[in-house]
1. For residue 74 and residue 153, what does the FRET efficiency come to when R0 = 35 Å and r is the distance between their Cβ atoms, rounded to the nearest 0.05?
2. Taking every DSSP beta bridge with both residues inside the stretch 70-147, roughly what % is antiparallel (nearest 5)?
3. Can you compute the FRET efficiency between residue 110 and residue 278 using 1/(1 + (r/R0)^6), with r the Cβ-Cβ distance and R0 = 60 Å? Round to the nearest 0.05.
4. Assuming 0.36 nm per residue, please report the length gained on full extension of the stretch residue 386 to residue 215 beyond their Cα-Cα distance.
5. What's the extension gain from residue 258 to residue 172 if we count 0.36 nm per residue and subtract their Cα-Cα distance?
6. Apply the a/c threshold of 1.5 to the C-alpha gyration tensor of the stretch 70-147 and tell me whether it is rounded, prolate or oblate.
7. Under a crude label model (7 Å from the Cα following the beta-carbon direction), how far is residue 344 from residue 60 in nanometres?
8. How high is the relative contact order of the stretch 70-147, in percent, counting Cα pairs under 8 Å that sit 6 or more residues apart?
C-alpha cells in the first residue's frame with residue numbers, strides 16, 4: 001500500500017525553497033506494510049497524531065468517526081458546578097453549548113432523572129455539587145461516551161488496600177470517595193470523611209471512588225477492594241497475587257513466628273492456601289559461593305531457580321529491598337499471605353504482645369485488626385493463645401469471605 005501524495009509534493013517543494021538548495025527532502029513514498037487482517041484502529045479508538053500518521057502511511061485517507069455530541073447546559077444554579085461540567089464534557093470529547101439545538105442536554109433539579117426529548121437524551125442532575133458530580137460520573141459520562149462510540153465507557157479500575165473502616169448505610173447503595181497513594185504494599189485508598197465543606201465538586205480532591213451495592217458487606221480497614229480511578233492520574237496497581245495479606249507484628253520474642261505457624265495450620269485446615277513472607281537481614285548468606293546457584297549469582301544472574309522433587313526455590317536479585325507489592329505479584333495461587341514484620345506498611349496487622357517483652361521501636365502503623373497475647377491493648381479485638389481457632393475464623397470472615405468479591409465488582413447500572 002502507498003500513501004496518497006497530491007498534497008505532499010507542493011509542501012516539500014516550498015520547504016526546500018525556504019531551506020535552500022543544499023537541503024533536499026526525499027519525495028518517493030515509503031509504503032508501510034501491515035499484516036492482512038490486522039486492525040489498525042478499531043471502533044471507538046480515539047485517534048491521536050501517531051494513529052493518523054500510521055493510517056496515512058498505509059494509504060488510508062478516510063475513516064468513519066463519531067462526531068462530538070453537542071451538550072446543552074441549561075440552568076445549573078451553581079457557577080462551580082457549571083464550570084466543572086464544562087470541564088468534564090470537554091475532557092471526554094463532547095462539545096458543551098449554552099443553547100439549542102443539541103444532541104443531549106443537562107439541567108439542574110432535585111433528583112436524578114433521564115428522558116428522551118425528540119431523540120436527544122436529557123439529564124436532570126441534583127443541584128448539590130457532590131450529588132451532581134456523582135450523577136455525572138455514574139449516569140451521564142457513560143451515556144455520552146457510548147454516544148461517541150467509545151469502546152471503554154467505564155473508568156479504569158485497580159485494587160487498593162482500604163486504610164480506614166467504611167461506615168455502611170444498611171439497605172442503601174453507597175459511594176465512597178477516596179484519596180489514593182502508593183505504599184510499599186501497593187495502592188492505598190483513604191476514605192474522605194470530611195463533609196464540612198458543602199461545595200466541592202470532586203469530593204475534596206478525590207482520586208478514586210468505591211461503589212457499594214445496597215447489600216455489600218461492611219468494609220474494614222485492610223480490605224483489598226476494587227477502586228475506580230478518577231481524573232487523569234495514572235494510578236494503576238496490578239494485584240495478581242493473593243486475595244489478602246496480613247502482617248504479624250510485635251516485639252522480638254513476643255511469639256510472632258509461633259502465631260504464624262498456628263495460623264497457617266488453621267487456614268490450611270479451612271481450605272485456604274496460605275503463603276509466608278519475612279524480611280531477612282542476611283540475604284547474602286543464602287547462596288553458597290561454591291554451589292551452582294551461588295556461582296551463577298556471582299556472575300550476575302538476575303534470577304536463579306533451584307528445582308527438585310519437593311518443589312522449587314526462586315530468588316530475585318535487587319540492589320535494594322523489593323516493594324511488598326512486587327513480592328505479592330510473585331505469590332500467585334495463594335489466598336492469603338502472612339507477613340512477619342513490616343510494621344510500617346499499610347497492611348492490616350495482628351499485634352502480638354507478651355508480658356515482660358518490650359521494644360524500643362516506633363509503634364506500628366494502623367490498621368491493627370487483632371491483638372494476640374497475654375493482655376489486651378487498644379480498641380482492636382483481643383485473643384488469648386487458647387483462642388487461635390476463633391481468630392482464624394474471624395480473619396477468614398473478614399478477608400476471605402467468598403461473597404466479598406461480588407460486592408466490589410459492581411457495574412454502573414447496579415446503581416440505577
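1. Working: r = 24 Å, r/R0 = 0.68.
The value I calculate is 0.90.
2. Details: 5 of 16 bridges.
For the stretch 70-147, the DSSP antiparallel bridge percentage is about 30.
3. Numbers: r = 57 Å, r/R0 = 0.95.
Step by step, r from the Cβ atoms, then E = 0.60.
4. Working: separation 171, 0.36 × 171 = 61.56 nm, distance 3.43 nm.
This chain segment gains 58.1 nm when fully extended.
5. Working: separation 86, 0.36 × 86 = 30.96 nm, distance 4.25 nm.
26.7 nm is the gain from fully extending residue 258 to residue 172.
6. On the way: a/c = 1.31, a/b = 1.22, b/c = 1.07.
Because its axes are fairly even, with a/c under 1.5, the stretch 70-147 counts as rounded.
7. Going from the residue 344 label point to the residue 60 one covers 5.1 nm.
8. Numbers: 115 pairs, mean separation 22.1, N = 78.
It comes to 28 percent, rounded to a whole number.
No lab work stands behind these numbers, since they all come straight from the coordinates. Everything quoted here is computed from the prediction, not taken from an experiment. Note: ideal-geometry Cβ built from the backbone for every residue, glycine included; neighbour counts use all protein chains shown.
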